[in-house]
Amino acid sequence: MSQLQLEILQLLDKEGEIPNSLNNSQLSKINPNELHANLSSLWSREMIKFNKIETDHWILTKEAEDYLKAGATPEIQVVDEVLKAQLEGLTLNDLKTKLGSTGIIGQGKAFKNKWLKKDGNKLIAEVKELPKDEVLIDLKEIQKTGKLSNKSILTELKKRKLINLTKIIGYEIQKGDKFSLEIKNLETDITSDMIQNGNWKNSQFKDYNFNSFGIIPQSGALHPLMKVRQEFRDIFFAMGFTEMDSNQYVESGFWNFDTLFVPQQHPARDLQDTFYLKDPKVAKEPEDKEYWENVKQVHQDGKYESIGYRYPWKSEESLRMVLRTHTTAISAAMLKKLAENPKPTRLFSIDRVFRNEAVDATHLAEFHQVEGVIAGYDITLGDLIGFMDDFFGKMGVDNLRFKAAYNPYTEPSLEIFAYHKGLKKWVEIGNSGMFRPEMLETMGLPKNLRVLGWGLSLERPTMIKYGVSNIRELLGHKVSLDFIESNPAARLDELL
């Protein structure tokens, strides 16, 4: 038991109750926070009951305190100076010289109270003796008690910025059901020793609070991107897809561009779009020399019924090491492997790609790409559109539009649009197409084994789902940990 708790109990034992601690000379001196903490401790043991009391309390401003130190308000000081100089007279300039800013403040109030008048440029007193300083008397009363019964005077003093209203807290204190001048230590748990020696029978225990919440356990939390990623993965798996191993972030220009029929002079290969490595700077030539030569011929001279790009193909450009700009480089390697045992297959990947772009609210130098590939005999563009309807339908997006587009490695190509109810407009959600025959036949795939492909970003649907307008708040060092921990799992049917 603290000394203050003992004093509170002794006061209650003597007085029975304390209507207001502010009126008690002993308790009014105690810091309000310290008093509340001790009262709460006694209340938890049911030794006392208490209620908080809030009381209005007026305090003086610095200006008012200066008036008290001067012994008079400005208006009284002005009248006093005018009365003293009644014979020779006093001008406004004389008053300003004698009293400074106090003279300026006081003369206005003195005129208002009709204590002064002007005779030419002279100030004349309308009173024969110094008036009673009622304002100073009121300020002294407020300084002493913090109160004043006359509300109109309080309003006027507040208007003059001489007083401010504050709240002071007191407590009404009464004896509780278990009031005592001693505090018995309550046990929190029954121990095996207490049961063996029988002490539990004479012990008092704290009540269990069955309404309190337990401590939230420390644990990790999935990033919103990973929650949406898992939703996509579940849809792919449900539709019979196999996930590609996509953790190879560094690729050669051969797999990232050349195998996908991207010309070597394409703007995407420029430094402003691609990150090139310094170490290692170049890759080794592929072991499959026949494939290497086929890709070269398709680009340079044309092959497999393609006229090609008809430019000198450079092997050094093809072997430059890059951070992959799309996961389609992984898809190309998987399709090349499929040529060893051609058959219908379904593959997907969700992983990071890198672009040398200026960072802003909607762009980062890295982002996630969701990509799917379907290989099948004699499949057509209609199969692609039908699959897109089925795929996005599983997300709850059942209103799609398609627009013809250009991709170096797909022909025909389609951009995919969906209607965004929140934005009330059509937004692009993905890109798709059929891989070009010269790309697939170069790998050794049969002519009638066609491949459909499509892709979309992971960040865009995640930003829509979680209401994030700045991508830097979703990915990177500015991400709030509270944002990650507090957001629920995503429902893709709520994205659009």
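The values are calculated or read from the model by the stated rules, or taken from the named source; none is laboratory data. Because the structure is predicted, anything quoted here is derived from the model rather than measured. Don't worry about glycine lacking a Cβ; one is built from the backbone with ideal geometry, like all the others, and counts go over all protein chains shown.
Against the test of being within 25 Å of LEU414 (Cα to Cα), modelled with pLDDT of 90 or more and not basic (Lys, Arg), the options THR345, THR362 yield a single qualifying residue, THR345. Restricted to region 118-139, and to residues there that are of a type outside the set (A, V, I, L, M, F, W, C) and surrounded by 13 or more Cβ atoms within 10 Å (Cβ to Cβ), the residue that is farthest from LEU68 (Cα to Cα) is LYS122. For region 144-162, the criterion of a residue being more than 30 Å from ILE48 (Cβ to Cβ) and β-branched (Val, Ile, Thr) is satisfied by at least one position. The condition of being closer than 30 Å to PHE392 by Cα, surrounded by fewer than 16 Cβ atoms within 10 Å (Cβ to Cβ) and either touching a strand residue (DSSP E or B) at 6+ places or on another chain (Cβ under 9 Å) or at pLDDT below 90 (or both) holds for only one of PHE257, PHE213, PHE237, PHE241, that being PHE237.
Suppose the filter is acidic (Asp, Glu) and touching a residue at least 24 places away in the same chain (Cβ under 8 Å); does GLU428 pass it? Break it down stepwise before answering.
On the way: acidic (Asp, Glu): yes; touching a residue at least 24 places away in the same chain (Cβ under 8 Å): no.
So GLU428 does not fit the description; no.
Which of the residues belonging to region 459-492 are modelled with pLDDT under 75, closer than 13 Å to VAL228 by Cα and under 11 Å from the mean Cα position of the chain (by Cα)? Once the filter is applied, which keeps residues that are modelled with pLDDT under 75, closer than 13 Å to VAL228 by Cα and under 11 Å from the mean Cα position of the chain (by Cα), region 459-492 yields only ILE484. All of (1) closer than 15 Å to GLY433 by Cβ; (2) modelled with pLDDT under 90; (3) not β-branched (Val, Ile, Thr) hold for HIS368 with one exception: (1). All told, LYS159 falls short of being among the charged types (D, E, K, R), free of Cβ contacts under 8 Å to residues at least 60 places away in the same chain and surrounded by 13 or more Cβ atoms within 10 Å (Cβ to Cβ).
Checking the structure you have, find out if any residue of region 441-449 is in a strand (DSSP E or B), touching a helix residue (DSSP H, G or I) at 6+ places or on another chain (Cβ under 9 Å), touching a residue at least 60 places away in the same chain (Cβ under 8 Å) and not acidic (Asp, Glu). Scanning region 441-449, I find at least one residue that is in a strand (DSSP E or B), touching a helix residue (DSSP H, G or I) at 6+ places or on another chain (Cβ under 9 Å), touching a residue at least 60 places away in the same chain (Cβ under 8 Å) and not acidic (Asp, Glu), so the answer is yes.
Give region 292-307 a look and list any residue that's in contact (Cβ under 8 Å) with a residue 60 or more places away in the chain and either crowded, with 17+ Cβ neighbours inside 10 Å or not in a loop (DSSP other than H, G, I, E, B) (or both), or say none. If the condition is that a residue be in contact (Cβ under 8 Å) with a residue 60 or more places away in the chain and either crowded, with 17+ Cβ neighbours inside 10 Å or not in a loop (DSSP other than H, G, I, E, B) (or both), then ASN294, VAL295, VAL298, LYS303, SER306 are the ones that fit.
Applying the condition of being within 17 Å of GLN3 (Cα to Cα), more than 37 Å from the chain's Cα centre (by Cα) and charged (D, E, K, R) to region 16-49 and asking which residue is surrounded by the fewest Cβ atoms within 10 Å (Cβ to Cβ) yields LYS29.
Show me the helices (runs of 4 or more DSSP H) found entirely inside region 1-99 where at least 3 residues are more than 30 Å from LYS161 (Cβ to Cβ).
Values: elements: 3-15, 32-44, 62-70, 74-84, 92-99.
Result: 3-15, 32-44.
For region 175-186, the criterion of being of a type outside the set (Asp, Glu), at pLDDT 85 or above, under 46 Å from the mean Cα position of the chain (by Cα) and loosely packed, with under 14 Cβ neighbours inside 10 Å is met by none of the residues. Within region 187-220, how many residues turn out to be over 47 Å from the mean Cα position of the chain (by Cα) and not in a loop (DSSP other than H, G, I, E, B)? The qualifying residues number 10.
On the basis of being modelled with pLDDT of 85 or more and among the small types (Gly, Ala, Ser), does SER152 make the cut?
Details: modelled with pLDDT of 85 or more: yes; among the small types (Gly, Ala, Ser): yes.
When the stated conditions are applied, SER152 passes them.
Every residue, every condition in (1) polar (S, T, N, Q); (2) within 25 Å of GLY302 (Cβ to Cβ); (3) in a strand (DSSP E or B), yes or no:
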position: GLY240; (1), (2), (3): no, no, no
position: GLN248; (1), (2), (3): yes, no, no
position: PHE254; (1), (2), (3): no, yes, no
position: PRO263; (1), (2), (3): no, yes, no
position: ASP273; (1), (2), (3): no, no, no
position: PRO280; (1), (2), (3): no, no, no
position: LYS284; (1), (2), (3): no, no, no
